[in-house]
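The structure under discussion appears below in the form of structure tokens.
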Amino acid sequence: VNSRGEVASLVGVTTHLSFDGPIEVEPVSMSDGPITVEVWATPTGEVTWNTGDGLPACNAPDVADDGCAHVYEHSSIGQEAVHIGLPAYTITAEIDYIGGYTVYVNGVAAFTDADIGGIQRTAETNLAVNEAQAINRPAGG
């Protein structure tokens, strides 16, 4: 989860939530002599977002179609978290994975368990949300 560096969001402006990279995880192998164990995890569904403001997370159309779009209705003033030196909302993303492993002996699969149970991962970041106001005046006035 990335708050896009040194930029705050604004009340009433769509904030796009996504990950910097894929949520899929590459298998990992460890070997000791003739024994190799390969472990993997596969996401089982959608990402569950919490934007920290109590509103439904994906409350705006997502034009990028690869994450979640959210519109904040209030600034983050008064929040305990900090982003770029300002009070910030804490955004979390939860992903459920199912994990498994295979044990190889001398390169031959000896045992596989494709479902060792669910694994939940949570990522978080902080995002400051400012409120901007403007006064519109008629031309020439």
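Here, each number is a calculation from the coordinates, and none is a lab measurement. The structure presented is a predicted model; accordingly, all values stated were derived computationally and were not measured. As a convention, Cβ positions derive from the backbone with ideal geometry for all residues, glycine included, and neighbour counts pool all protein chains shown.
In table form, for the structure just shown:
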| quantity | calculated |
| --- | --- |
| Residues listed by number, the stretch 20-55, amide nitrogen under 11 Å from I98 label point at 7 Å toward C-beta | 42-45 |
| Given (1) -0.70, -0.87, -0.92, -1.19; (2) -0.58, -0.80, -0.87, -1.12; (3) -0.69, -0.95, -1.03, -1.34, the label whose value is log10 I(q)/I(0) by the Debye sum over Cα atoms at q = 0.13, 0.16, 0.17, 0.21 Å⁻¹ derived from this model | (1) |
| Förster radius 25 Å - calculated FRET efficiency between E131 and E6, Cβ distance, rounded to 0.05 | 0.85 |
| Whole-Hz couplings from phi, Karplus 6.51/-1.76/1.60, listed for the stretch 97-103; x for Gly and Pro | 10, 10, x, x, 8, 10, 9 |
| Choice from S76, S18, S31 with maximal GNM fluctuation in the chain (Cα, 10 Å cutoff) | S31 |
| Those GluC sites (Glu not before Pro) in the stretch 1-62 that DSSP places in a loop and that have at most 16 other beta carbons within 10 Å | E6, E24, E46 |
| Linear extension gain, N106 paired with L55, 0.36 nm per residue minus alpha-carbon span | 12.9 nm |
| Stokes-Einstein D (µm²/s) once Rh is taken as the Kirkwood radius of the stretch 1-58 over alpha-carbon pairs, at 25 °C in 0.890 mPa s | 161 |
| Three-way shape label, the stretch 97-141, alpha-carbon gyration tensor, a/c 1.5 | prolate |
| Of A64, A41, A93, the one that fluctuates the most in a GNM where the chain has Cα springs shorter than 10 Å | A64 |
| Top of N126, N50, N59 by mean-square fluctuation, Gaussian network on the chain, Cα under 10 Å | N59 |
